[in-house]
Amino acid sequence: AHRVLGERALYVLDGIALGTRAIGHGARYQERRDAWLARTEPTGVPRRPRPAGAHGVWAEHRVRDLLTSADVPQLPARVAHSPKEAAEFAADLGGRIVLKAVSDELVHKSEAGGVRLDVDPASAAAAYESLARDVASSRPDINMDGVLVTPYRPGGVELLVGVVTDPAWGKVLSLGLGGVWVEIFDDVATRLLPLTEADVIGMLGSLRSAPLLHGARGSTPVNLDAVSAVVVRIARLAESLGDALHTLEINPLRVEGDAVEVLDALAVWHEEIEERGAAR
């Protein structure tokens, strides 16, 4: 019976609840597909040339200039090449700081002991030396090119903003709870590019963690318009880089009230076509 029905494109579902749910999913898919297709005309985002040295994985210190060129707000940061410089930069910034190892070969800095949080400026030089020792001990195979010195920002909500180039769908944006929570709660919404600020606000509203953005338990409500504007800038930057870019990940994007700042980022580049051809 199932074979005969299948030959006639007829299907039987086990119960009305499953049937109505399937119909609902199909209707929502069609609505979203139609809305996306209506926006597939050129978005007016100009294409950028492939950045010099855009190969493999770029850690935060390399991605910063790219984000700045797209007017994406970031923490102020300077690369210190010695404990003395770290202490000087910390004094210039004022307040407590964060130190992060700088290396083209080190993407996951925390796992290698390459991060120091909430450091007093007076302890910056000692923190630099401690961080360098830990990285050398855990990853003796890499070269560390100093540390990134940035202000320490406690509180707020940390978001993940990621764009991946899918071979079938093109560029897809993921938006959700970030920081250490991204893998624990897997609270992420996805959308095909291009998108609008209204789309971003809708994605944020669909998250299970959405109450955190509205001032849960007396915290400061997040300015959703400010967040959506920054997310759209990140999305347009990814679009402008075309097929050269495989992944652009901002994690975390810290949001609190009107403040929106990138705390960490990485980019992954596709191999250049000429290099693939030469390797064959």
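The values are calculated or read from the model by the stated rules, or taken from the named source; none is laboratory data. Since the structure is predicted, the reported quantities are computational estimates derived from the model, not experimental observations. Just the protein is used for accessible areas: all its heavy atoms, side chains included, with ligands, DNA and RNA removed. Shrake-Rupley method; radii C 1.70, N 1.55, O 1.52, S 1.80 Å.
Numerical summary
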read-out	value
Per-bin percent of Cα-Cα distances, the stretch 32-191 [10 Å]	9, 29, 33, 19, 7, 2
For D264, residues with placed amide H under 5 Å, excluding near neighbours	N251
Largest-first ordering by accessible area, 1.4 Å probe, given options E249, E271, E239	E271, E249, E239
Normalised per residue, the volume of the convex hull around the Cα set of the stretch 133-175 (Å³)	171
Portion, in percent, of the accessible area of the stretch 175-227 that falls on carbon or sulfur, probe 1.4 Å	56
Phi to ³J(HN,Hα) by Karplus 6.51 cos²θ - 1.76 cosθ + 1.60 over the stretch 220-229, Hz, x for Gly, Pro	6, x, 8, 6, 5, 5, 5, 4, 5, 5
The stretch 72-136, accessible area per residue, ligands and nucleic acids excluded (1.4 Å, Å²)	47
Principal axes of the stretch 70-154: Cα extent on each, largest first, Å	34, 33, 22
Alpha-carbon Rg with Dmax, taken over the stretch 104-159, Å	12.3, 36
Nonlocal amide H pairs with H270, under 5 Å, H built at 1.01 Å	L245, H246
HN-Hα J in Hz across the stretch 67-78 - Karplus 6.51, -1.76, 1.60, θ = phi - 60°, x for Gly and Pro	5, 4, 5, 9, 6, 8, x, 9, 5, x, 8, 9
Per-residue HN-Hα couplings for the stretch 106-118 [Karplus 6.51, -1.76, 1.60; θ = phi - 60°; Hz; x = Gly/Pro]	10, 8, 8, 5, 4, 5, 9, x, x, 9, 10, 9, 6
Prolate/oblate/rounded label for the stretch 138-271 (Cα gyration tensor, a/c 1.5)	oblate
Rounded D (µm²/s) - the stretch 105-203, Kirkwood Rh over Cα pairs, Stokes-Einstein at 25 °C, 0.890 mPa s	149
Hull volume in cubic angstrom per residue (convex hull over the Cα atoms of the chain)	204
Length-normalised contact order of the stretch 136-199 in % [C-alpha pairs under 8 Å, at least 6 apart]	23
